[in-house]
1. Let me know the shape class of region A:41-185, please: from the alpha-carbon gyration tensor, a ≥ b ≥ c as square roots of the eigenvalues, rounded when a/c is under 1.5, otherwise prolate if a/b is greater than b/c, or oblate.
2. Can you pull the mean other chain C-beta count within 10 Å for peptide B:80-86?
3. Loop only per DSSP, at most 14 neighbouring Cβ atoms within 10 Å: give me the GluC sites (Glu not before Pro) in region A:134-183, ordered by residue number.
4. From the helices alone, meaning DSSP H stretches of at least four residues, give me the mean residue ellipticity at 222 nm for chain B, per-run term -39500 (n - 2.57), in deg cm²/dmol to the nearest 500.
5. Using amide H atoms built 1.01 Å from N in the peptide plane, name the residues 5+ places from B:VAL8, or on other chains, whose amide H lies under 5 Å from its own.
6. Partner chain Cβ atoms within 10 Å, averaged over the residues of A:97-103 - can you pull that number for me?
7. Under 19 Å Cα-Cα from A:LYS20, which aspartates and glutamates qualify once same-chain neighbours fewer than 8 residues away are excluded?
8. Suppose only helical runs count, i.e. DSSP H with n ≥ 4. What mean residue ellipticity at 222 nm does that imply for chain A under -39500 (n - 2.57) per run, divided by all residues and rounded to the nearest 500 deg cm²/dmol?
Amino acid sequence: MSILEADSNRLLQAVLALLKQKDILTDQEIAERIASTDSATPARGAMMVAKAWVDPAYRALMLRDGAQAAEAVGIPMRGLPPLGVLENTDTQHHLVVCTLCSCYPRAVLGYPPFWFKSAAYRARAVRDPRGLLAEWGTALPDNVQLRVVDSTADYRWMVLPLRPAGTEGWSEAELAAIVQEGDMIGVTLPTP
Amino acid sequence: MLTPGQAVRVKLDWPETRGPCHIRTPHYLRGQSGVVERHLGRFPNPEQLAFARPPQTIDLYHVRFDQPSLWQQGQQGDAVVVELYETWLEVA
């Protein structure tokens, strides 16, 4: 039988047993990584976005080195790929896709939404991005350049959306509460 | 080393027709022309890592392509920006 036909659970158990037998990983390390992956949610990214909206120094750090900015608010990034942060402005909007597979900044956004891995999203994000955004109810003015970022290699990307009007004087916690997963992928815009 | 603003072309190459391989360059970019935005760092070549071969450390770039030119549809000025390794890029 080829490895492709093997029962995936039995294969996983066999690989885990080998990793432990060869002292490459311990049960504790595996449990810690699973707990860390499971505990990541879009609320982490939203917290970073809200902080960047109120703190110019943090914003600069986030744009220079997303992983350092994540670490600075207590998100563990050790051993993970670099995190790139894409800044939306009055004249440019970013949309993130991984056409090859499902690269996603899990440390700051958690598990990707089901549609992020779909062939339809991956194909249309590069071919008809404005049509795709329209279906999400996201209309970009004609003078805004759309930049589709195809995440193919060693970085993970998140979008730093524009702070919406009508949120003047809001606290960081209030701001974080309006930042949704899709806003940090670029399919939607935060709304107060 | 490539510099920001430099015009590049993605190799028109299809290694997958020559045998098993692992590729991080999407099909739709093969043979297309773009512009280097910035250097993203140096990384072990994933095409070698995938086969547990000792990897070379190579340069990774963010390269910008004109979105309507890639697909003959879309809005003028829109762009697709992609991470590409030096081994896939030729100076245009």
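1. oblate
2. For peptide B:80-86, the averaged partner shielding equals 6.
3. Details: sites: A:GLU135, A:GLU168, A:GLU172, A:GLU174, A:GLU181; in loops: A:GLU168.
Sites meeting the loop and neighbour criteria: A:GLU168.
4. On the way: 2 runs with 9 residues, N = 92.
Calculated from helices alone, the mean residue ellipticity at 222 nm is -1500 deg cm²/dmol.
5. Answer set, sorted by chain and number: B:GLY34, B:VAL35, B:VAL36, B:ALA92.
6. Numbers: counts 1, 1, 6, 5, 1, 0, 2.
Per residue, the average neighbour count from other chains is 2.
7. Partners found: A:GLU29, A:GLU32.
8. Using -39500 (n - 2.57) per qualifying helix, the result is -12500 deg cm²/dmol.
Where a number appears in this text, it was derived from the coordinates with a stated rule and is not lab data. Just so it is clear, the structure is predicted and the values come from calculations on it, not from any experiment. Don't worry about glycine lacking a Cβ; one is built from the backbone with ideal geometry, like all the others, and counts go over all protein chains shown.
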